[in-house]
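Worksheet for the structure shown next.
The values are calculated or read from the model by the stated rules, or taken from the named source; none is laboratory data. Please read these numbers as outputs of a predicted model, since none were measured by experiment. All Cβ positions, glycine included, derive from the backbone under ideal geometry; neighbour counts span all protein chains shown.
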Amino acid sequence: MISRAVCEAVLQKAASTGADYAEIFAEHSLDHSINMVGGSVESVNDTVIAGVGIRVYKGLRSVMATTTDTSESGLLRCAAQAAEALGQGTAQIEIVLRERLYGDIHPVKIVPATVPNKEKVDVLKEGVFAAKEYSDAIKQVTGTLLDIDHNILIANSDGVYAQDRQIRTRLMVTAVAEKNGETQTGAARPGRRMGMEMFEHEVNAKEAGIHAAKQAITMAGASYCKAGVMPVAIGNGFGGVIFHEACGHSLEASSVAYGMSEFTGKLGQQIANPKVTAIDDGTIPNAWGSINVDDEGTPAQKNVLIENGILKSYMIDKMGGRRMGMAPTGNARRQSYAFTTTSRMTNTYIAEGTDNNDDIIASMEYGLFAKEMGGGSVNPVTGAFNFAVNEGYIVRNGKICEPVRGAALVGKGSEVIQNIDMVGTNLDMGQGMCGSSSGSIPTNVGQPLIRVSSITVGGR
């Protein structure tokens with residue numbers, strides 16, 4: 001996107017007033033989506049995002065400037081603005097860039113941008129009509145097929161000159177069911193860092209539509225969950241959002257480095273049940289949250305955050321690393337060039353355990369099986385969280401019984417990971433978009449079936 005020689009000149013200009021680190025992040029992305037309501041295409045959207053962010057550090061001080069003018073003169077003007085904002089001084093560093101080729105562990109066979117819209121609509125229809133025709137109780141179905149072609153270049157005063165192309169594809173189907181005058185929704189949102197070949201090997205559009213319809217119908221016929229403190233079994237896949245939100249954000253340097261995390265200063269300490277091992281891994285081939293290189297030019301890596309209950313690592317970006325005296329871990333991410341990079345998750349999950357999945361349910365005299373989790377909120381300072389349960393069932397005498405709706409899980413991150421006392425063997429991943437100070441980014445969450453021995457369940 002920008003030549004190495006131009007990047008060197010721009011970085012030298014950015015560092016000319018005494019910066020000890022300078023960085024260029026250039027982006028050219030195409031987002032394409034097709035939206036259906038009922039059986040008809042409602043809209044086809046293309047969005048192009050292109051620009052450059054230039055950032056400089058001096059100690060623990062940071063300044064960023066952005067521009068959409070990617071000519072050499074435009075980039076030099078932007079660099080001069082960043083340098084001026086940083087303060088007065090003279091150049092302290094010399095910029096010599098060496099191209100880094102990190103390879104691509106996420107091969108794409110069919111680039112979505114080259115596929116005609118008609119073929120994409122056919123895939124989308126398969127999911128939408130599978131939900132629509134599943135039952136007369138389904139009153140409305142909407143669907144979206146999204147593909148993203150995200151091209152980035154990072155050049156910095158550490159000598160890095162690297163590029164990455166991130167292609168992602170995602171299908172989203174939402175169904176609305178009605179029973180006795182009440183409506184409930186169900187959804188399926190599978191995605192991968194892949195092209196359209198995702199629908200040949202990884203994702204079945206028809207199955208996604210049926211999943212959405214079944215969930216909507218089940219919840220439409222459910223009674224309301226009763227509130228109380230009880231054991232809860234949380235399903236695999238997107239159930240991992242509990243760890244992601246309740247604990248993951250508290251393990252990011254953006255919280256830890258400022259002392260705004262309940263896990264600050266606890267490396268080497270037992271913070272979870274010994275059955276809990278939690279990992280953030282940006283190197284999983286073709287996974288939704290995977291990267292080859294992060295948005296600061298650090299290669300992706302597998303970070304064991306918690307091992308057998310012991311806190312082993314945080315997720316660290318360059319500024320967080322400066323504050324903490326620790327090396328970056330390949331977790332610096334941003335939505336676009338217009339956002340300042342900070343520490344973020346990639347594919348974060350609780351590893352498989354050794355407990356039999358049937359035994360986990362059988363161990364519960366009375367409790368809740370949260371088969372599929374929804375969204376929620378968390379305060380990383382205190383770890384307090386509140387999450388909706390999209391699909392839940394009462395467990396009685398070790399048996400999964402009637403469905404219930406309106407359930408929510410309420411607790412504190414540091415307590416819930418101590419109370420995970422059974423971990424199953426059916427690890428799976430779910431896809432989502434994570435929002436934080438550096439914008440919205442694709443992340444995977446995951447876990448096998450787990451049991452939390454005691455947690456507050458909100459309901460009626």
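Structural remarks
- Residue satisfying all of: in the stretch 109-130; farther than 23 Å from N286 by Cβ and basic (K, R); surrounded by the fewest Cβ atoms within 10 Å (Cβ to Cβ) among these: K118
- Considering the conditions (1) part of a helix (DSSP H, G or I); (2) under 25 Å from the mean Cα position of the chain (by Cα); (3) among the acidic types (D, E), E119 is excluded by exactly one of them, (2).
- Test: residue in the stretch 314-326 that is in contact with a strand residue (DSSP E or B) (Cβ under 6 Å, 6 or more places away or on another chain) and among the aromatic types (F, W, Y): no
- Test: residue in the stretch 361-379 that is in a strand (DSSP E or B), free of Cβ contacts under 8 Å to residues at least 40 places away in the same chain and either closer than 17 Å to N426 by Cβ or of a type in the set (S, T, N, Q) (or both): no
- Within the stretch 134-162, being crowded, with 19+ Cβ neighbours inside 10 Å and either modelled with pLDDT under 95 or outside any strand (DSSP E or B) (or both) holds for Y134, S157.
- Options T382, T443, T425: the member that is in contact (Cβ under 8 Å) with a residue 24 or more places away in the chain, closer than 26 Å to P190 by Cβ, hydroxyl-bearing (S, T, Y) and not in a strand (DSSP E or B): T425
Residues checked against (1) in contact (Cβ under 8 Å) with a residue 40 or more places away in the chain; (2) closer than 14 Å to Q140 by Cβ; (3) within 22 Å of the chain's Cα centre (by Cα):
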position	(1), (2), (3)
A175	yes, yes, no
G186	yes, yes, yes
P190	yes, no, yes
R193	yes, no, yes
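- Of the residues making up the stretch 86-106, those that are under 21 Å from D20 (Cβ atoms) and surrounded by fewer than 13 Cβ atoms within 10 Å (Cβ to Cβ) are Q88, T90, E94, V96, R98.
- In the stretch 340-356, the qualifying residues are those that are part of a strand (DSSP E or B) and either in contact with a helix residue (DSSP H, G or I) (Cβ under 6 Å, 6 or more places away or on another chain) or among the acidic types (D, E) (or both), and the one that is farthest from K275 (Cα to Cα) is T342.
- Scanning the stretch 386-422 for residues that are outside any strand (DSSP E or B), farther than 17 Å from C247 by Cβ and not polar (S, T, N, Q) returns G398, G406, A407.
- K118 being in contact with an Asp or Glu (Cβ under 8 Å, 6 or more places away or on another chain) and basic (K, R): no
- Listed by first and then second residue, the pairs with beta-carbon distance under 8 Å, at least 6 apart or on different chains, first residue in the stretch 57-80 and of a type in the set (F, W, Y), second in a helix (DSSP H, G or I) and buried (at least 19 other Cβ atoms within 10 Å of the Cβ), are Y57/K318; Y57/M319; Y57/R322.
- Picking from residues in the stretch 228-256 that are small (G, A, S) and not in a helix (DSSP H, G or I), the one that is nearest to N347 (Cα to Cα) is G237.
- Residue that is assigned to a loop (DSSP other than H, G, I, E, B), in contact (Cβ under 8 Å) with a residue 12 or more places away in the chain, of a type outside the set (K, R) and at negative phi, where the choices are I291, I279, I306: I291
- The numbered conditions (1) within 21 Å of H28 (Cα to Cα); (2) in contact with a strand residue (DSSP E or B) (Cβ under 7 Å, 6 or more places away or on another chain); (3) of a type outside the set (D, E) are all true for A85 except (1).
- G297 being more than 15 Å from L251 (Cβ to Cβ), touching a Pro at 6+ places or on another chain (Cβ under 7 Å) and either free of Cβ contacts under 8 Å to residues at least 60 places away in the same chain or crowded, with 16+ Cβ neighbours inside 10 Å (or both): no
- Residues located in the stretch 328-351, provided they are surrounded by fewer than 24 Cβ atoms within 10 Å (Cβ to Cβ) and under 22 Å from I271 (Cα atoms): A351
- Residues satisfying the criterion are present in the stretch 380-388 (criterion: among the aromatic types (F, W, Y), over 21 Å from H211 (Cβ atoms) and modelled with pLDDT under 95).
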